[in-house]
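The values are calculated or read from the model by the stated rules, or taken from the named source; none is laboratory data. Remember, predicted model here, so these are calculated numbers, not experimental data. Neighbour counts run over all protein chains shown; Cβ positions are idealised from the backbone, glycine included. These area figures cover heavy atoms from the full protein model, side chains too; ligands, DNA and RNA do not enter into them. Shrake-Rupley method; radii C 1.70, N 1.55, O 1.52, S 1.80 Å.
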Amino acid sequence: MSITLIRDISDTSSYWGASWVFGCFPDVHIVCDAPIGCYNLLGMAVTDYTDALPHMANLTPTSIREEDVITGTAKALIRTIDDLRTMGMLEGKHLLVVSTAESEMISADHAQLVKQIDPEARFFWSQSLEQDEWVGRERALVFAWEQYGKPFVASDVQPRPRTVNIIGPSLGCFNAPSDLYELKRLITGIGAEINLVYPYEGSIATTPKLAEAAVNVVMYREFGQGLAEALGRPYLFAPFGVFGTTAFLRELGQLLGIEPERVEAFINHEKRTTLQPVWDLWRGPQSDWFATVDCAIVAARSYADGLRSFLGDELGMKIAWISGRPRRDDEPDNIEIRKRLHAKAPAFVFGSINEKIYLAEANARGTHYIPATFPGPVVRRTTGTPFMGYAGAANLMQELVNRFYETVINFLPVETVTPAAGGPPQPTSAETIPWTKEATDRLNAALDAVPYLARISASRSLRAAAEQAARARGLKEVTLEIIEAAIAQGATS
């Protein structure tokens, strides 16, 4: 039996994903059947350093004790609910009990008990031991519709013209406020109306309203499609890039019956406003850089595919490799990603805190890391950092060009000086000294691992360091030993 090593887990469990969906509803209180302290990362720490929330106010644990592991968690659940009622925390709220990995280990299925306690309450078996957060979010969205929405929709309900649901944005989703803001701006820009943003701006009470939209826009490819299909209306995925966004707007307008002239007028206005920085940067000397640099992408599925399309297909950057979440079989896992970044880091890495750590281990100073997913302490509560839509294209373009400038400046050759005896500092000699063939070959091999944009400057730095070391030893040529020492000291980093 072979054991598969799992390093630096990228996805949380379905319990976390489901709780982040249900936690958006202000009229629900979640009781998680969890031990003391085990809910803290979900309920407090993670939401604080990603969504900037001090805690999830509508989440309470049963605080399973040692005796509950033996006798069952029913008493702990009843005790927790009684305490919440006594404190008035369940007034005007729907009670939802969610299983956790710990309660599932001891088969604490409370479906019948919850109905006895409160006929209106619900129990969600999260399957935390089997499923990841993406499946958990998907199942939670469908569960919410089936339990709180579909049964309360009139049989003769008809969609309201030109209305759109946005499905998916929820707690713990990377960059959700910015991308949601851009998506709403695009939809309303062509003359459509937002019906419901679910679950981010929804509630248990508004769940039946999902049936009123004519079209659904699924914000993420990793989850949300199941609810869109259950609603039985046409749906589209949120767009990335210039071409992708233009195609999205035209198709959405067609599905909603909006006049093509109105859609095209909005697109043309966007080209002269939101997208103006993209054109200006592309027409400048910066455009030459894009085809010369490579990048790697580690992100949730929608961001991985979207960035690949915009950066690779539209800007012409070289995509070294991609690893999406959930990860496909042909994509590298964390162990393989670490090996690749240690062996040859590309100029740009879009990723999580895991990739940032790997780059630090490799001392990859020539690589720029750009946050593109969780885990990691990345707060994105403002609306100015989109990845999606036209504004996302402009934001990413601006971000890349600024990093290009940083790369050039970081590797500018600096003339060092050495003090002469009894006099002012004197510049080091500009004369070069011979190199052995072995040293030259080693220099070229080292430079191959440096991102292309920084290679010339890195070559100057490494040559200067090696020749200075050779002179200090009184040698007449740079040897393999000297260049190896210069590389070891980080002269190319």
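List of remarks:
- Considering only beta bridges that DSSP places wholly inside the chain, some 10 percent are antiparallel.
- Whole-number accessible area per residue in Å² for the range 197-307, which is evaluated in the context of all protein chains at 1.4 Å: 39 Å²
- Placing unit charges on the Cβ atoms only, positive for Lys and Arg and negative for Asp and Glu, gives the range 189-330 a dipole magnitude near 200 debye about its Cα centre.
- Leading residue at positive end of dipole, the range 78-190 (Cβ point charges), from 114, 155, 178: 155
- Accessible surface of the chain, 1.4 Å probe, proportion on carbon and sulfur as whole %: 54 percent
- Annotation: extensible slack from residue 120 through residue 286 equals 53.7 nm (criterion: 0.36 nm per residue apart, minus Cα-Cα distance).
- Net length gained if the chain between residue 436 and residue 318 were fully extended (0.36 nm per residue, minus Cα distance): 39.1 nm
- Test item: Cα-centred dipole of the range 176-236, Lys/Arg +1 and Asp/Glu -1 on Cβ, debye: 60 debye
- Packing here is the average count of other Cβ atoms within 10 Å per residue, and on that basis the peptides 234-240, 310-316, highest first, run 234-240, 310-316.
- Peptides 150-159, 298-307, ordered by how many other C-beta atoms sit within 10 Å of their residues on average, highest first, read 298-307, 150-159.
- Where 148, 369 fall by accessible area, highest first, once all protein chains stay in place (1.4 Å): 369, 148
- Placing a label point 7 Å from the Cα of residue 55 along the Cα-to-Cβ line, no residue of the range 97-127 has its backbone N under 18 Å from it.
- Solvent-accessible ranking of 294, 333, largest area first, probe 1.4 Å: 333, 294
- HN-Hα J in Hz across the range 107-114 - Karplus 6.51, -1.76, 1.60, θ = phi - 60°, x for Gly and Pro: 6, 7, 8, 10, 4, 6, 4, 4
- Ellipsoid equivalent to the chain - semi-axes via the Cα gyration tensor, in Å: 51, 31, 17
- Leading residue at positive end of dipole, the chain (Cβ point charges), from 464, 311, 24: 464
- Among 238, 249, 263 the positive-end extreme of the charge dipole of the range 201-270 (Cβ point charges): 238
- For the range 1-55, the calculated P(r), taken from all Cα-Cα distances in 10 Å bins from zero up to the bin holding the longest distance, is 19, 49, 22, 9, 2 percent.
- The simple spin-label model puts a point 7 Å past each Cα toward its Cβ; for residue 264 and residue 45 those points are separated by 5.6 nm.
- If only the Cβ of Lys and Arg carry +1 and only the Cβ of Asp and Glu carry -1, the dipole of the chain around its Cα centre is close to 1000 debye.
- The ellipsoid equivalent to the alpha-carbon distribution of the range 228-287 has semi-axes of 29, 15, 6 angstrom, derived from the gyration tensor eigenvalues as √(5λ) and listed largest first.
- Highest to lowest packing among 372-384, 7-19, scored as the average C-beta count within 10 Å: 7-19, 372-384
- Once the chain from residue 272 to residue 89 is taken as fully extended at 0.36 nm per residue, the excess over their C-alpha distance is 60.8 nm.
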